[in-house]
1. Would you mind stating whether Asp123 is under 19 Å from Lys9 (Cβ atoms) and free of Cβ contacts under 8 Å to residues at least 40 places away in the same chain?
2. Identify, by number, the condition in (1) in a strand (DSSP E or B); (2) crowded, with 20+ Cβ neighbours inside 10 Å that Arg87 doesn't meet.
3. List every residue pair whose Cβ atoms lie under 7 Å apart, where the two residues are 6 or more positions apart in sequence or sit on different chains, the first residue falls within region 10-22 and is at negative phi and of a type in the set (Phe, Trp, Tyr), and the second residue, located anywhere, is at pLDDT 95 or above and surrounded by 10 or more Cβ atoms within 10 Å (Cβ to Cβ).
4. Identify, please: which residue in region 118-143 is of a type in the set (Val, Ile, Thr) and assigned to a helix (DSSP H, G or I) and is, among those, farthest from the chain's Cα centre (by Cα)?
5. So Leu51 fits all but one of (1) part of a helix (DSSP H, G or I); (2) modelled with pLDDT of 95 or more; (3) more than 18 Å from Arg81 (Cα to Cα); what number is the exception?
6. Of all residues in region 121-138, how many are more than 15 Å from Thr60 (Cβ to Cβ), hydroxyl-bearing (Ser, Thr, Tyr) and surrounded by 12 or more Cβ atoms within 10 Å (Cβ to Cβ)?
7. Would you pick out the residues in region 32-45 that are polar (S, T, N, Q) and either in a helix (DSSP H, G or I) or within 15 Å of Trp80 (Cβ to Cβ) (or both)?
8. Condition (residue is in contact (Cβ under 8 Å) with a residue 24 or more places away in the chain, among the hydrophobic types (A, V, I, L, M, F, W, C), surrounded by fewer than 19 Cβ atoms within 10 Å (Cβ to Cβ) and touching a helix residue (DSSP H, G or I) at 6+ places or on another chain (Cβ under 9 Å)) applied to region 97-106: is it met by at least one residue?
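The values are calculated or read from the model by the stated rules, or taken from the named source; none is laboratory data. Quick caveat: nothing in here was measured; it's all calculated off a predicted structure. Glycine gets a Cβ as well: all are built from the backbone with ideal geometry, and neighbour counts include every protein chain shown.
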Amino acid sequence: MASTNHQSKLRVDITLPTQTRYLRLVGSIGEELAQELETYNGDKDELGYNLNLVLTEAMTNAIEHASTPSKKVRITIRVWRDELCIRVYDKGDGFDFNAIPHPDLDNPTVGGLGIFFIKTLMDSARYYKAESSNILEMRKRLN
């Protein structure tokens with residue numbers, strides 16, 4: 001895990017209205033970011049696709065669970081030499097992240113796939129409340 005005591009190589013901080021029309025923008029940030037990761041030796045196209053997916057799913061969940069449409073979603077991305085950290089902040093009611101069951105992939109239903117993708121594609125994911133926000137924190141090792 002990266003040492004957060006060292007200054008990050010890249011910081012992105014964006015605040016958006018809780019509207020689905022911004023999903024494509026958020027996803028494209030993930031794709032572009034993957035291409036800029038100098039220390040990542042894996043498949044940058046695959047990583048970009050995965051980041052697009054987890055960012056889009058995280059924002060979709062924040063939008064769905066926001067108390068009112070006038071709320072905002074804040075997304076921060078920090079890149080260190082060997083780790084990427086994405087945090088999605090929302091002001092919704094929150095939920096029990098760990099209580100979401102793995103979906104039945106043979107008989108998929110609406111709901112639950114986004115969390116499954118986030119947990120599967122990222123190296124770690126946790127959801128917690130801090131001050132007045134819910135925070136979904138996702139981490140990906142880059143080496």
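1. yes
2. Just one mismatch for Arg87, condition (2).
3. If the second residue must be at pLDDT 95 or above and surrounded by 10 or more Cβ atoms within 10 Å (Cβ to Cβ), no pairs are left.
4. For region 118-143, the residue satisfying everything is Thr120.
5. With respect to (1) part of a helix (DSSP H, G or I); (2) modelled with pLDDT of 95 or more; (3) more than 18 Å from Arg81 (Cα to Cα), Leu51 is out only on (3).
6. 2
7. Gln35, Thr39
8. yes
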